[in-house]
Amino acid sequence: MNPIEIENITKKYRVREKGFNWKKNLKQLLKIEKQDYLTALNKVSFSVKKGEIFGILGPNGAGKTTLIKILAGLLLPEEGKAAINNYDLIKDREKIRTSVNILMSGGWIIFDYKLSIYNNLKFWGVAEGLRLGEVKERIEEVLKIVGLHEKKDDFPENLSAGLRQKMNLARCLLSDRPVYLLDEPTSNIDPYSAEFIRKFIKEMKKNGKTVVLATHNLWEAEMLCDKIAILNRGNILALDETKAIKERIGKEILTVELEKITPGLIRGISSFGFVEKIVEEKNILKIYGNIKRNMPTLIDTCRKYTNITGVDMKESSLNDVFLQLITEKEKTMVMK
Amino acid sequence: MKHALSFMEKLGVMWVYLGRRARLWFRFKISFVFSFIAMFVTIAIFYFINVFVGEIPEYGNYFTFVLIGLAINQYMQTTLNTYLGTMHNMYWSNWLEIILTSPMRLKTFFSSVMTWTYLYATMNVAFYFVIGIFVFGAKFTFPATAWIVIPILILLIISLSGIGLISASMFMLANAKGDIEPIGWGVATLSGLVAGVYFPPKYLPAPVQLISKILPQTYAIDAIRRILLNNESISSPSIQLTIIYLIVFSIILLPLGMFMFNAGIRKAEKEGTLARWM
């Protein structure tokens, strides 16, 4: 069985109003009036294999953190089933919590700024069940891993955000657990520290750990993840292997800026077998498909109908898939 | 992958937590110097009030009477306020979620916090007595039966822990996310007025005396004074009755407090309010 299996998970939050409306509250209490709910997750299902890095991509408010907290057993869903490390989400919640490691963005607020890194970690070490005799050795081990060994007597108040996140990572590593849930681990930290954490995530995979990475950094997800779920407003818009998701919209994208776009031009370009998709934005055409080899043909076709003011060609990235899926309804899309 | 801690590992958590708090305590020396000055001033105020009040029937000297009240009040306030205060800190600093994902569990954490706060309260109580006796000349006989004070104090702490836990549960159940919630605050504030910390409750108007009778601390404070000031022992019917009352209060309040606290955590798990920052 896979370490993570979730099926039709739905989570709703009660919408809180500003101020205290006693009439409304009383009516809701007496069930005269229905409470307003916001759907944070809507029938979300997926599974993650052992040793896989699974990315959850989505804009702010997509439901990423909600999903991470459900996977950690810290939040109960309204509907659905889930098994984490073979433990049932509802019945074995306490066992789930101690079988996953959770790293939150800004999670360093748990550290006391007036205690050294070592003394901060010492408490969390014994809380993880390390004996007094072994906690010192383990802290030194994890501080070496995250590169904070020489700073063990420094205080968190003197550390940069990047170093604090490394300290947070060190706390996470005090216990050896099979699943890591990382919620935007590289947000708000410097590129050097972010790169360190990315390398570390790759190391986790090598060591057979299962990683769930929630992020809105598309480049990071593309580089690290084996499989990706794109989440928006609680719904999974796409769920597949990273490569397959990227290929959904074609291998390459040609962006052509034109004086005007005519129906004839669209028809002409659509007629080519190597064009998979065309997206029209004001006077810009985005052409997806096997473009590289056929670029002269496309440029010639465009010139037949209008003047070209700009051309750009690139390989499609997760960023393009993401933007396309998220803003699908708001764009005029001409499908082949 | 550990799901729970052994007894020795729990003791290890407690030990490291106490060390951690002691380290922080030494880092804020000035604030503790000020808190001791404040305690000294409080004792001095009651010493001079004693000059006007003098003797009070049944208990003798007012200064020794109030010194006992102040000492017990330290333990009462600690018990009533620490659970809610700890919930408040855990919520704002994300500790609650991290503790829940550790095999330590909340019980061990709360035991560690309470141990520290009782040690601190005991230090304050010792300060009250040392200053009261050696600076202001309070006279205590400390009879051989004084040991009974300890089980009475423990029973008082157990029953008030129930109220403390109810108060902490309101943080989640009633969304009382400020520093104060009505139940704990009400009991802690009323204690000063009706439970006999500063004067015997019999001087209160009859309807107010009724409130004092539903609070466990009223019985405990009175019994401790009878033991320390009037040399009463366990054979005294009033002391025996107090112990029975406190046992009854403990049997009712502690399980109720635990039930409500757990209900609060369950509600927070459903609503996603275990931590401030989602």
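Every number in this text was worked out from the coordinates using simple rules, so none of it is lab data. Nothing here was measured: the structure is a model prediction, and the numbers come from that model. Cβ placement follows ideal geometry from the backbone for every residue including glycine, while neighbour counts extend to all protein chains displayed.
Values as computed for the structure displayed
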quantity	calculated
Net charge of neighbours whose Cβ lies under 10 Å from the Cβ of residue A:108, counting Lys and Arg as +1 and Asp and Glu as -1	+3
Distance between the range B:42-109 and the range A:46-78 - C-alpha centres, whole angstrom	43
Long pairs among A:122/B:107; A:202/B:10; A:12/B:2; A:136/B:2, criterion Cα-Cα beyond 29 Å	A:202/B:10; A:12/B:2
Within 10 Å of each Cβ in A:74-86, the average number of Cβ atoms from other chains	2
Per-peptide average of other Cβ atoms within 10 Å, ordering B:96-104, A:312-320 highest first	B:96-104, A:312-320
Relative contact order (percent, whole number), chain A, Cα cutoff 8 Å, 6+ residue spacing	19
Distance violations [Cα-Cα > 27 Å] among A:114/A:206; A:24/B:267; A:64/A:151; A:91/B:177	A:114/A:206; A:64/A:151; A:91/B:177
Whole-Å distance, taken between Cα centres, linking the range A:127-168 and the range A:271-286	53
DSSP beta bridge pairing in chain A, given as percent antiparallel to the nearest 5	70
Rel. contact order, % - alpha carbon contacts under 8 angstrom, at least six apart, the range B:7-271	26
Euclidean distance of C-alpha centroids, the range B:146-177 and the range B:218-267, integer Å	10
Per-residue mean of C-beta atoms belonging to partner chains within 10 Å, peptide B:18-30	2
Reach of residue A:286 by Cα under 13 Å, taken over aspartates and glutamates that are not fewer than 8 positions away in the same chain	A:252, A:257, A:276, A:312, A:315, A:320
Listed residues A:228, A:118, A:40: farthest to the positive end of the dipole of chain A (Cβ charges)	A:40
Of the DSSP H helices in chain B, those whose Cα atoms cover at least 18 Å axially and whose Kyte score averages -0.5 or more	B:7-27, B:29-53, B:62-93, B:105-130, B:149-173, B:216-230, B:237-271
Cβ neighbours within 10 Å from other chains - mean over A:4-17	1
Over 27 Å (Cα to Cα) - which of A:27/A:81; A:69/A:166; A:50/A:152 fall in this group	A:27/A:81; A:50/A:152
Highest-first arrangement of A:93-100, A:224-231, where packing means the average Cβ count within 10 Å	A:224-231, A:93-100
Net charge dipole size for chain B [Lys, Arg +1 and Asp, Glu -1 on Cβ; Debye, nearest 20]	700
Beta bridge orientation in the protein assembly as shown: antiparallel %, DSSP, nearest 5	70
Sequence ranges B:43-56, B:244-257, ranked by mean other-Cβ count within 10 angstrom, highest first	B:244-257, B:43-56
